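To keep things clear, I will list the structure first and then write my remarks on it.
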Amino acid sequence: MQQLTSYISGAWVYGQGKERAIQHAVSGTTLYQVCSDGLPLKDSLNYARQIGGKALSAMTFQQRAQMMKAIAKHLLANKESLYQISAETGATHADGWVDIEGGIATLFAYAGLAGRELPDDTLWPEDELIPLSKQSQFAARHVLTSRPGVALHINAFNFPCWGMLEKLAPTWLAGMPAIIKPATASAQLTQAMVKLIIDSGLVPEGAIQLICGGIGDIFEHLDYHDAVTFTGSAQTGKTLRSHPRLLEKSIAFTMEADSLNCCILGEDVTPDMPEFAIFIKEVVREMTTKAGQKCTAIRRVIVPAAQMEAVQHALLKRLSGVTVGDPANPEVRMGALINLEQRDDVQEKVDDLLHNGCEPLCGGSLSALKLTGTGAENGAFYPPTLLYCADPFHHLTVHNTEAFGPVATLMPYQNRQQAIELALLGQGSLAGSLVTADERIAAEVIRATACAHGRMLILDRNSAVESTGHGSPLPMLVHGGPGRAGGGEELGGLRAVKHYMQRTAIQGSPSMLASIGREWVRGASVIEEQVHPFRKYFEQLSIGESLLTARRTITEADIVNFGCLSGDHFYAHMDKIGAAESLFGERVAHGYFVVSAAAGLFVDPGVGPVIANYGMENLRFIEPVKIGDTIQVRLTCKKKIKKVQKTAEDKPHGVVVWDVQVLNQHQQPVALYSILTLVARQNGDFIPSA
C-alpha cells in the first residue's frame, strides 16, 4: 500500500502511529495510507521561520512575483499528471479544471498584480505622506513589512489545488513561508502539486512544507508572528478559533466555513424571459459541479410562489439529464462524492431536512441513484437531490442544516420583503445570487441583503453572457463572508497580501520617511544636478533627483489659443463677465493648459532614454492660475520600478514615477500630480526559459 508522505524540514517523511486510508472515490479501493504521528512539527515551524522565511523576506516583491509566475508555468506544463490524480477524488475533467487550472490562474493573477503595483523592494509604503505639523516637517506614513513567522493553511477536501494556491499566492508575496495541511480525503492531489513545486527548484527551501495527516500539537508552538487560515466546516473552525494558544499570542486566524448560500429569482421574471433559463441553468450547475461539494454552492433556492410550479418543472427536467457515474466515461456529467463517509453524512443531513418540513422532488436517497456505465457500483455516488420546503419561515432546519453534496431546497416567497428575510435567515453566507431584469428590484434586494453576504451576483441577460457564475471566486474579489460563513476574508487582490504582513505607522521628518521607504515624499530633501534627469538611463537615476524649471508667465493669448485648440470654451476661461461673477472673480487658465504648460517646462525634447509617457496619477488643481500669473515646475524622481525583460528582443526598461509640483510666483502649488515614464535601461537581463 502506498504511503502518502509529508514534506517537513526539507525531507519527505512518514509518521509512526495509527494510519488512515484514502479510498478511490469511484471504485472504493484503498489507494494510500496516511500518518503524521510523531513527525517533528515543532521543528517544521522553526525551519520555516529560520530558513524559508529569511529567504523569502530577502526577496523583493518583484522577485517573489517572478518566482510565482515561473511556478505557475511549471504547474501548467505538468497539469495532465494532476488531472489523473484528480479523477481519484471523483472529479470530472470539468471539476478538475476549476480546481487545477483555476488555482494556477490565481498564481498568475497575483504575480501580475504584484508586477504592476508593488515596489521592487522588501518594504511596501502603503499610503502617501500624512502631515502631522504645520510646517510639514513632522509627518507619517504606513509601511508594510514581512512578518518573521509562518502561515499554517488548513484546507478543505473539495478543492485540494485551488484551495492551497489561493492562500499560498498572497502568503508568498508577503514574504512569509507556508505549511500546508490538506484535508486527508484528497491529500494525494495536494501532495502531487507540492511535489511538483519542490522538484522544480523554483522556490527557496523552507518556503513550503506539507503535512499529510493530522496537525498534532503544532498549535501549541505557534507564535504571535504566525498566521492560521482555515477552510472547512463551521464546527471544526470554531474549535480551532478558540484554541488557547491563538488567544494567548493574539495569532491571526482567518476562517472560511461552508454556508447555506442562496439564489433568489426576482418576482419580475417569468418563464418566457431569458432570465428564467439563466436561473435554472445556474441552480443546476451549482448543484452538480464537484457533485455539489462546494462551499459556495447554492443550497437555498428562493422563488416567487407564483412561479414555483414552472421552476419545479424546469429544474426537474434539467436534472433528469444529469448523468452520474465514473468521470472517465465521456457520457458522465457528475462524479462521486469524496468518499463513502461523506456520502453517509449527506444522507444523514438530507434525512434531517426531510423530517423537518422538506419533501423530495427528486433524489433524496440512494435508491433513487441511477449510474451511467459499469464499474462504479462501490463508489461514493449520490443522486442530484431537489427538495421543497413549503413553509421556510416555520421550518428553520432548512436554514441551519447543510447537506454538502448535490442537494438544494426550493422555498417560496409571497413578496419582496419575504425574499429578503429568507436570504437573511442563512445567518451569513459566502455568496448569494439574484436573477432579475428589474434594476429597482436589484437595488432593493442587494441593499437589504448585502450585510449577510461576502459576495453577491446579479444575473440578467446582459451579465450572464460573460459571468463566471455564482460560485466562482476571483483573485481580485474578496472570498469570505460574515456569520456562519466564518467572518474571514481571502483573496481580494493585494489586500489579501496585507493579511500576512505587519502594518506600522512610521513618524518622522519627510527625509527620514523617504529614506526608509526608498521612495521620495514631498518635503524631503532633493538632489539637483546639472544633467537633465530625462537624459539619464533608469540605472543612473537616483530617488529624490529633482529639476526646478524655468518660469512661464500666463497670458490671455495662452488661454484663448488653448480654448480654440481644445474646444473647451467654459465660461470661467472665455467669458469675462461670467468669470467675474464666479468664485474666481476673473478669467482663469484651463487646468489642462496648466498641465500642458508644465510639461513644456520640464520635458527635455531631445532623443534620449525616456521612451514614453506611461500615465498620470492623482492630479489635483490647488489654486487657480490667472492672466499674468507665473508658473514654475519642480519635477522629482519619486520611485523606480524595474520591469522584467520578457524576450531578448524587448528593449530593457523600467517605470519611473515622477512627482510634479506646479508652483506660482508666490511658490504656492497650483497643481500636484505624478507622471509615469518608461525609461530605457542600459543593460538587459533576459534569461531564456529552460
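The table that follows gives values for the structure above.
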| read-out | value |
| --- | --- |
| Carbon/sulfur fraction of accessible area - segment 60-198, other protein chains in place, 1.4 Å, % | 59 percent |
| In Å², nearest 10: area of Ser546 left accessible to a 1.4 Å probe | 10 Å² |
| Inter-centroid distance (Cα atoms) of segment 561-626 relative to segment 135-169, Å | 42 Å |
| Net dipole in debye of the chain [+1 Lys, Arg Cβ; -1 Asp, Glu Cβ; about Cα centre; nearest 20] | 1560 debye |
| Karplus 3J(HN,Hα) series, Hz, for segment 60-66 with 6.51 cos²θ - 1.76 cosθ + 1.60 (x for Gly, Pro) | 6, 4, 5, 5, 5, 5, 5 |
| Solvent-accessible area, 1.4 Å probe, carbon plus sulfur percent, for segment 563-690 | 55 percent |
| Per residue accessible area of the chain, 1.4 Å probe, in Å² | 42 Å² |
| Spin-label model distance (nm) - Ala77 vs His532, 7 Å beyond Cα toward Cβ | 4.6 nm |
| Met68, Met616, ranked by accessible area, largest first (probe 1.4 Å) | Met616, Met68 |
| Under the Debye formula (equal points on every Cα, no solvent term), log10 I(q)/I(0) of the chain at q = 0.05 Å⁻¹ | -0.32 |
| Magnitude of the charge dipole, segment 537-659, Cβ model with Lys/Arg +1 and Asp/Glu -1, debye to 20 | 480 debye |
| List Thr647, Thr89, ordered by accessible area with a 1.4 Å probe, largest first | Thr647, Thr89 |
| Leu247 - accessible surface, heavy atoms, 1.4 Å probe, Å² rounded to 10 | 120 Å² |
| Area of Tyr537 that stays accessible when all protein chains are in place (1.4 Å probe, Å², to 10) | 90 Å² |
| Residue-averaged 222 nm ellipticity for the chain, from DSSP H runs of 4+ at -39500 (n - 2.57), nearest 500 | -8500 deg cm²/dmol |
| Residues in segment 514-538 reached by a label modelled at Leu132 [backbone nitrogen below 20 Å; 7 Å Cα→Cβ] | 514-525 |
| Per-residue ³J(HN,Hα) for segment 125-137, Karplus 6.51 cos²θ - 1.76 cosθ + 1.60, θ = phi - 60°, Hz, x for Gly and Pro | x, 7, 9, 7, 4, 10, x, 10, 8, 5, 8, 6, 9 |
| Heavy-atom accessible surface of segment 231-329: percent carbon and sulfur, 1.4 Å | 52 percent |
| In nm, spacing of pseudo-spin labels at Leu396 and Lys42 (7 Å Cα→C-beta vector) | 4.6 nm |
| Segment Glu581-Gln50, length gained on full extension (0.36 nm per residue, minus Cα span) | 184.3 nm |
| Whole-Hz ³J(HN,Hα) from phi, Karplus 6.51 cos²θ - 1.76 cosθ + 1.60, for segment 654-662, glycine and proline x | x, 9, 10, 9, 10, 7, 10, 10, 9 |
| Asp650 versus Asp438: modelled label distance in nm, points set 7 Å from Cα along the beta carbon direction | 5.2 nm |
| Under-5 Å amide H pairs with Ala151, H placed in peptide plane, nonlocal only | Ala178, Ile179, Ala227 |
| Largest-first ordering by accessible area, 1.4 Å probe, given options Phe621, Phe584, Phe381 | Phe621, Phe584, Phe381 |
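The values are calculated or read from the model by the stated rules, or taken from the named source; none is laboratory data. Since the model is a prediction, treat every value here as computed from it, not as a measurement. Don't worry about glycine lacking a Cβ; one is built from the backbone with ideal geometry, like all the others, and counts go over all protein chains shown. Heads up: the accessible areas ignore ligands, DNA and RNA and are worked out on the full protein's heavy atoms, side chains in. Shrake-Rupley method; radii C 1.70, N 1.55, O 1.52, S 1.80 Å.
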